[in-house]
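Student: Here's a structure for you.
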Amino acid sequence: MLFRSFFRFRLIIEFEDFYNKDDKRYFFYRPFENMGIKYGDYFIASSIGMAEFIKDARKNARVIINGGYFEKVKVPLKRVIQKRNNPLKILYSGTLDKERGIYNLINAFQANKSEKFELVFSGAGPLEEYVAEASEQDTRIKFVGLLNEEDYNNLIKSAAVCINSQWATISVNFPSKITMYLSYGKIVLSTKID
């Protein structure tokens, strides 16, 4: 901000994610986010909800949206529904916490006892131990932790379905992993994000 006043350049800020009050990182990052909203000239928001949040905080904010959902997408299911010798791999990657629906995802998966499916978790967060324990109790659940870029890309390629189980109450961000999943041509199962 100091350089901006001396060198007179325009400040464009891209916001990909805001933390909600239930996440302890909220209290650390919120002052910086507020300062960015106050002093930025232009903004790139990753969702409609995030753009509205920025405009509510600063009425004259100039915001564009980079990301979102298509209302209707035809999915070539024959690519996924085939005779398989291996279980159909379902992938969740990202923060392992309550707000990202980790408890719900594991409980829903365990309610289906079919051996035709495998649920793979990649990521880190407060519920790592919970996910690791679930993988020890149910051999259909795999936990691979944080991966390097090459291994992560290979994991996405090997998955049939990719999951975003984030709670709808986290409405100010668009999970960038959805764009990545789609770029690999994957079927994405997601909670609705306004």
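The values are calculated or read from the model by the stated rules, or taken from the named source; none is laboratory data. None of these values were measured; they are calculated from a predicted model. Please note: Cβ atoms are built from the backbone with ideal geometry, for glycine as well, and neighbour counts cover all protein chains shown. Surface areas here come from the heavy atoms of the whole protein model, side chains and all, with no ligands, DNA or RNA. Shrake-Rupley method; radii C 1.70, N 1.55, O 1.52, S 1.80 Å.
Student: Among the numbered criteria (1) in a helix (DSSP H, G or I); (2) open to solvent by less than 50 Å² (accessible area, probe 1.4 Å); (3) at pLDDT 95 or above, which one does LEU119 miss?
Tutor: All conditions pass for LEU119, except number (1).
Student: When the stretch 110-159 is examined, which residues are found to be touching a Pro at 6+ places or on another chain (Cβ under 6 Å) and farther than 19 Å from LEU96 by Cβ?
Tutor: LYS116, PHE117
Student: Counting just the residues of the stretch 157-179 that are at pLDDT 85 or above and part of a helix (DSSP H, G or I), which one comes out nearest to ARG30 (Cα to Cα)?
Tutor: The residue in question is LYS157.
Conditions tested, residue by residue: (1) polar (S, T, N, Q); (2) under 24 Å from LYS21 (Cα atoms).
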residue: GLY101; (1), (2): no, yes
residue: GLN110; (1), (2): yes, no
residue: VAL120; (1), (2): no, no
residue: ALA132; (1), (2): no, no
residue: ILE156; (1), (2): no, no
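Student: Which condition from (1) assigned to a helix (DSSP H, G or I); (2) surrounded by 17 or more Cβ atoms within 10 Å (Cβ to Cβ); (3) at pLDDT 90 or above is the one that TYR103 breaks?
Tutor: With (1) assigned to a helix (DSSP H, G or I); (2) surrounded by 17 or more Cβ atoms within 10 Å (Cβ to Cβ); (3) at pLDDT 90 or above applied to TYR103, the lone miss is (2).
Student: Condition first: in contact (Cβ under 8 Å) with a residue 40 or more places away in the chain and either closer than 11 Å to SER93 by Cβ or small (Gly, Ala, Ser) (or both). Now tell me which residues in the stretch 130-154 satisfy that.
Tutor: Once the filter is applied, which keeps residues that are in contact (Cβ under 8 Å) with a residue 40 or more places away in the chain and either closer than 11 Å to SER93 by Cβ or small (Gly, Ala, Ser) (or both), the stretch 130-154 yields only TYR152.
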